[in-house]
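*Asks:* Before I ask anything, here is the structure I am working with.
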Amino acid sequence: MPAILSSLPTRRLLALAACALWAVPAPASAKPRPARPKAAVQSKKAAVRLLLAQNGNALAPIVVSERATEGTRAVAKELAQHLQRITGAEFSVAAGDGSRGIVLGTLAEFPDPALKKPLELRGAGGFDGREAFVIRTDAKRLRLLGATELGASHAAFALLEALGCRWFFEAPEWEVTPSIRTLSVDLNRNDRPAVLSRRIWYGGGFFEHAASGRPVRDYYAWARRNRMAQSFKVECYHIWQAIIGDNEAVFRQHPEYRALVGGKRQGEQLCVSNPALRELVVRWSLDYLKKNPSADMVSAETSDGGGQCECEPCARLGTISDRAFGLANEVARSVAKEFPGKLVGLYAYNEHSEPPSFALEPNVYVQLTAGFTRGRYTFEELLELWPRKCRNMGFYEYFSVWPWDFDQLPGGRANDFVYLRKQIPRYVQSGATSLDCESSGNFGLHGRGYYVAHKLMWNPKANVDALLADFYQKAFGPAAAPMRRYYERSDRGAKPLISAHLLALGFRDLEEASRLAAGRADVQARLDHVKQYLRSVHLRWLVDRAPDKAKKKEQTLAALTHGYRTRYSYMNHYVAIRDGWASHAAQEFAEPTWAATGNPAPKTPWAIDKPYTHEETEADFREGLAYFQPDPVEEKQFSRDLVPVDFATPGQPAPPESVQTYQLTLPYALYSVAGEPLELSVVTGTIAHYRDMAPAKWKITDAAGKRLADGRLPLDGKLHPIQTPVPRPGLYYLEFDDSTAGWQIRVAAGRRAAIALERARRVEHAGWMQPMHFYVPKGTRELHYYWYGQPHRVHGPDGAVLKQVSTTGEFVKVPVPPGADGKTWSFSQIMLGYLWFFNAPNQLAASPGALLIPRELAKRDGLKIVAPK
């Protein structure tokens, strides 16, 4: 798998990928598929209602075939248990001919020619249909049939879902079971998934790996009940190092099989130009399929990281993509001969992100990664290119990566509903047959997203608003309204400002929810889990803001202890807390007993095996409620109709050249006063390590968004001038995409160029910026803005320091001295992070003369708008 937890050894990552799930990795069909089918199709058969239970009595047994597999019998038993919880009636499970009762099994076990079409296996390999199921109701029976055992399981849980059962999160407390004493059904449905292989898995794996361990059981139960499964199993994970490991003696005898790097044969990449090495890889792949007859695919993916071969014969093979996919093609041809219908998988990732220069074999399967791509193309461009090149296509997503989000708000892509609504259907439209989502076991932050993502992968046309409304109502009942507010406040797609104020509001949403749900023990148990998640946020907040190392140590120990005690709620990604944070803290505080890779030792001080009681949870919650206090501000709206203003004052020094250096991007507002061309310069690739990313992209638009000019620039670390004629005087915008390789913008003194801040946009400036100026409107008595970043200073119009800001994630409030409103202020010693003005325009510039402000504000405040001479 594309690894981001660089601290984990590659072999371990391989093992974690292999431990997948009952519905884990994922390959695809061998023919290009058009847009995937509409999700559920209701049968046109006249409705017949079948009575299943009444007055505590079951009126229909669950029937399986005499030939039923152990898996189907286990599902039948689970179905009986759920129906008993719903109705209070005890449902028996027995073998029968399927003429009456609740019939569970496959079409082969209970034949019906009328069901062959909805349960047909489609495409080369017959992958499309392995999860197909039908539900049919008639006068004497309810049939839950699948094309395979897996489809039959899906039919059972689709029935329970239709009856009102839900399994929102992984912990048992998040199971919802309705009470229906008189139960009848009239369901008739055909269904199969749009994405054939769907996997949400956790970086670092499970914190208890044994099959009998609770995390494993809970995870697979959650996946099974939500129909997260695989019609085929994708195997694209890094494999070259495993080939080396399985042939250690051969590689000792033939060091020339390894990549030549820095003049030495070393590392875990291969010299793919070597014919004998290629033959060895082919033999290994065929042997793998012989030893694993149930496998749908064998991986041909490179080892992770760089270090590809630098020898001349390899260079003659072409790009690294040409080499990796060329070897995969050779393996695929041999696999097609000996194992028709089997696939050869690898990622489009890192140095082999872009398509090769030749066609791929029909049985090569490619997963394009939604991150860590390098080369000439951006991910958006690769998303367009790869489906044209590859018959069998999937995507590797990053829903949550603990070293990126640390379980903290606003989280990763799984908590971005703007992204989920757009991107999953887009993958399906691109022909995706698999979606592999690297995630974390942190349902406190991403649980909603994981649940809804399941539904969208099955049916990309699912009504997300309806799914969320159902979640709020069924999970929280009378507390649905405040819990909707709680979740929507921190939805990453809503661009929240993560602050003490936001957390204060979230705590108060939970307080209201608890009050409304008084007397509902099931809802209170779920609220306790959310409160425990908020406690983890509170503790991390204290760790990150500790005044000294001793206090930081104390708070870190408390946070680690909390993570251990709440591990079975799955609100936080405990395995990463244990293997990552605890190990780091052990070094930071010179406390070796804190480290615990694997199960903690008995003397590990934070491994207190005592689950939280409701009373403890409530006490911690009250502490957080008191700590985080609302800090309301009045947010004023300003237009994007920006104009230059004459801020000149006698004795003012000459304006400097505007020079800023960033990683990541943000827009610039530019102004042509007299219709002169826009002129600026950009240094690309200021971070040399990333100069093999896609070339930088820039575009200039008018104020309405119409594109005037655009281009691409090599990431060469050089200065590139940009000059763009404009049709008329006025406002224009520059958008620059640095491919994360860093960039510097330079605008000559005297030209109008202002940073156009965007709400909650993360920007990383390299080092302190030159003093940056902004406008404080007339009548402002206290300047309000949001800040998340390093310390900085606020200067009034006379240059005096009005505030030294050292807080982060806070609303900054600066009193405005008499006569200091209606003028420009400035920041010094600032490294731009998250900045958003609530009651001032969100533009910054290197000098007052370069600043642009909203036209209506300039007129209101009586400022002189600069006009063409």
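The values are calculated or read from the model by the stated rules, or taken from the named source; none is laboratory data. A quick note: this is a predicted structure, and the numbers were derived from the prediction, not measured. Every residue, glycine as well, gets a Cβ built from its backbone with ideal geometry; the counts of neighbours run over all protein chains shown. Note: accessible area is taken over every heavy atom of the protein model, side chains too, but ligands, DNA and RNA are not part of it. Shrake-Rupley method; radii C 1.70, N 1.55, O 1.52, S 1.80 Å.
*Asks:* Using Stokes-Einstein with the Kirkwood hydrodynamic radius over Cα pairs, what translational diffusion coefficient do you get for the stretch 594-699 at 20 °C and a viscosity of 1.002 mPa s, in µm²/s rounded to a whole number?
*Replies:* Working: Rh = 22.5 Å.
Diffusion coefficient, whole number: 95 µm²/s.
*Asks:* Which far-off residues, 5 or more places away or on another chain, put their amide H under 5 Å from the one on GLY717, with H placed in the peptide plane?
*Replies:* Excluding prolines and chain starts, which carry no amide H, the hits are THR684, GLY685.
*Asks:* Next question, about the same structure. Order SER92, SER583, SER439, most accessible first, counting only protein heavy atoms with a 1.4 angstrom probe.
*Replies:* Working: SER92 65, SER583 30, SER439 0 Å².
Highest to lowest solvent-accessible surface, that is SER92, SER583, SER439.
*Asks:* Rounded to a whole number, what % of the accessible area of the stretch 595-673 do carbon and sulfur atoms account for, probe 1.4 Å?
*Replies:* The computed percentage sits at 55.
*Asks:* For helix 214-225, report the angle its Cα long axis makes with the longest principal axis of the Cα atoms of the chain; keep it between 0 and 90° and round to the nearest 10°.
*Replies:* For helix 214-225, the angle is close to 80 degrees.
*Asks:* Also, quick follow-up: Take the Cα gyration tensor of the stretch 403-464, multiply each eigenvalue by 5, square-root it, and list the three semi-axes largest first, rounded to whole angstrom. Show your work: numbers first, answer last.
*Replies:* Details: eigenvalues 91, 27, 19 Å².
Ellipsoid semi-axes (Å, largest first): 21, 12, 10.
*Asks:* Along the Cα→Cβ direction, 7 angstrom out, place labels at LYS291 and ARG515. What is the inter-label distance in nm?
*Replies:* 6.3
*Asks:* Within the stretch 719-775, what whole-number % of the accessible surface is contributed by carbon and sulfur, with the 1.4 Å probe and all protein chains included in the calculation? Write out the running numbers ahead of the final one.
*Replies:* Working: 1170 of 2350 Å².
On the stretch 719-775, the fraction of accessible area on carbon and sulfur atoms equals 50 percent.
*Asks:* Here is a follow-up. Going 7 Å from the Cα of ASP798 toward and past its Cβ, which residues in the stretch 816-849 have a backbone nitrogen under 16 Å from where you end up?
*Replies:* 816-826
*Asks:* How many percent of DSSP beta bridges within the chain run antiparallel, rounded to 5? Could the numbers behind the result be given before it?
*Replies:* Working: 90 of 127 bridges.
Bridges in the chain are about 70 percent antiparallel.
*Asks:* Just to verify a number: what accessible area does TRP606 come out at with the full protein assembly present, 1.4 Å probe, Å² rounded to tens?
*Replies:* Here the accessible area works out near 0 Å².
*Asks:* If each residue of separation counts as 0.36 nm, what is the full-extension length gain between ALA648 and GLN54 once their alpha-carbon separation is subtracted?
*Replies:* Here the segment from ALA648 to GLN54 would lengthen by 205.3 nm.
*Asks:* Given N residues in the stretch 381-510, what is its alpha carbon radius of gyration divided by 2.2 N^0.38 Å? Please list the in-between numbers first.
*Replies:* Numbers: Rg = 16.0 Å, N = 130, 2.2 N^0.38 = 14.0 Å.
Taking N as the residue count of the stretch 381-510, the ratio is 1.15.
*Asks:* To the nearest Å, what is the center-to-center distance of the stretch 354-413 and the stretch 301-317, using C-alpha atoms only?
*Replies:* If we compute the Cα centre of each part, the gap is 20 Å.
*Asks:* Further question: So for the stretch 39-153: antiparallel DSSP bridges make up what percent, rounded to the nearest 5? Walk me through the numbers before you get to the answer.
*Replies:* Working: 8 of 19 bridges.
DSSP beta bridges in the stretch 39-153 are roughly 40 percent antiparallel.
*Asks:* When the Karplus curve 6.51 cos²θ - 1.76 cosθ + 1.60 is applied with θ = phi - 60°, which whole-Hz ³J(HN,Hα) does each residue of the stretch 394-403 get, with x for Gly and Pro?
*Replies:* For the stretch 394-403, the Karplus curve yields x, 9, 10, 9, 10, 7, 7, 10, 4, x Hz.
*Asks:* With every protein chain present, what accessible area does LEU502 have (1.4 Å probe, heavy atoms only), rounded to the nearest 10 Å²?
*Replies:* Solvent-accessible area, nearest 10 Å²: 30 Å².
*Asks:* Now for a separate question. Could you point to the label whose value was computed as Cα Rg over 2.2 N^0.38 Å for the structure here, given [x] 1.71; [y] 1.13; [z] 1.05?
*Replies:* Read-out taken from this structure: [z].
*Asks:* Taking the Cα-to-Cβ direction at GLU120 and at THR593 and moving 7 Å from each Cα, how far apart do the two end points lie in nm?
*Replies:* 6.8
*Asks:* I've got another one for you. Taking a probe of 1.4 Å, how large is the accessible area per residue of the chain, in Å²? Please list the in-between numbers first.
*Replies:* On the way: 34650 Å² over 869 residues.
On a per-residue basis, the chain sits at 40 Å².
*Asks:* Roughly how large, in nm² to one decimal, is the mean projection of the convex hull of the alpha-carbon atoms in the stretch 136-240? Walk me through the numbers before you get to the answer.
*Replies:* Values: hull surface 37.0 nm².
Quarter of the Cα hull surface area: 9.3 nm².
*Asks:* State, as an integer percentage, the relative contact order of the stretch 82-136 based on alpha-carbon contacts under 8 Å between residues 6 or more apart. Could the numbers behind the result be given before it?
*Replies:* Working: 26 pairs, mean separation 10.3, N = 55.
Dividing the mean separation by the residue count of the stretch 82-136 yields 19 percent.
*Asks:* Under unit Cβ charges (Lys, Arg +1; Asp, Glu -1), what dipole magnitude, rounded to 20 debye, does the chain have relative to its Cα centre?
*Replies:* Values: 110 positive and 91 negative charges, 363 e Å.
In total the dipole reaches around 1740 debye.
*Asks:* Compute the acute angle (0 to 90°) between the alpha-carbon long axis of helix 521-544 and the principal axis of greatest extent of the alpha-carbon atoms of the chain; round to the nearest 10°.
*Replies:* Taking the Cα atoms of the chain, the angle to 521-544 is about 40 degrees.
*Asks:* In whole angstrom, how far apart do the alpha carbon centroids of the stretch 636-692 and the stretch 431-499 sit?
*Replies:* 38
*Asks:* Give me the Kirkwood hydrodynamic radius of the stretch 137-191 in Å, from all C-alpha pairs, to one decimal place?
*Replies:* Details: mean 1/r = 0.0789 Å⁻¹.
So the Kirkwood estimate lands at 12.7 Å.
*Asks:* Carbon and sulfur: what percent of the stretch 243-344's accessible surface (1.4 Å probe)? All intermediate terms of the calculation are to be shown ahead of the outcome.
*Replies:* Details: 2290 of 4600 Å².
The C+S portion of the solvent-accessible surface of the stretch 243-344 is 50 percent.
*Asks:* Can you tell me the Rg and the Dmax, both Å, for the Cα atoms in the stretch 758-803?
*Replies:* According to the Cα coordinates of the stretch 758-803, Rg and Dmax are 12.3, 35 Å.
*Asks:* Using 0.36 nm per residue, how much length does the chain from LYS813 to LEU664 gain when fully extended, once their Cα-Cα distance is taken away?
*Replies:* Full-extension gain reported as 50.9 nm.
*Asks:* Quick check on the chain: helices-only [θ] at 222 nm, where DSSP H runs of length 4 and up contribute -39,500 (n - 2.57) each and the sum goes over total residues. Nearest 500, please.
*Replies:* Working: 21 runs with 260 residues, N = 869.
Value at 222 nm, helices only: -9500 deg cm²/dmol.
*Asks:* Here's another thing I want to ask about it. Considering Cα pairs under 8 angstrom that are at least six residues apart, work out the relative contact order of the chain and quote it in whole percent. It would help to have the intermediate numbers written out before the result.
*Replies:* On the way: 1925 pairs, mean separation 83.5, N = 869.
Rounded, it is 10 percent for the chain.
*Asks:* On to the next question. Take every Cα pair under 8 Å in the stretch 375-529 that's 6+ residues apart, average their separations, divide by the length, and report that relative contact order as a whole percent.
*Replies:* Values: 174 pairs, mean separation 35.5, N = 155.
Worked out over the stretch 375-529, it gives 23 percent.
*Asks:* Starting from the Cα-Cα distance between GLN84 and ARG100, subtract it from 0.36 nm times their residue separation and give me the gain in nm to one decimal. Before the final figure, lay out the partial values.
*Replies:* Values: separation 16, 0.36 × 16 = 5.76 nm, distance 1.91 nm.
So the chain would gain 3.9 nm between GLN84 and ARG100.
*Asks:* For labels at ALA211 and LYS77 in the simple 7 Å Cα→Cβ model, what's the distance in nm?
*Replies:* Taking the two extended label points, one gets 1.4 nm.
*Asks:* Give the calculated FRET efficiency between ARG545 and ARG781 to the nearest 0.05, with a Förster radius of 25 Å applied to their Cβ-Cβ distance.
*Replies:* Details: r = 28 Å, r/R0 = 1.14.
Calculated transfer efficiency: 0.30.
*Asks:* By average Cβ neighbour count within 10 Å, what is the ranking of 225-235, 123-133 from highest down?
*Replies:* Values: 225-235: 25.7, 123-133: 23.3.
Highest-to-lowest ranking by the protection proxy: 225-235, 123-133.
*Asks:* As an exercise, use a Förster radius of 51 Å and the Cβ-Cβ distance of ARG622 and ALA162 to find the FRET efficiency, rounded to the nearest 0.05.
*Replies:* On the way: r = 41 Å, r/R0 = 0.80.
For ARG622 and ALA162, the calculated efficiency is 0.80.
*Asks:* Quick one: which residues, 5+ away or cross-chain, put their amide H under 5 Å from the amide H of ASN392? H built at 1.01 Å from N.
*Replies:* VAL366
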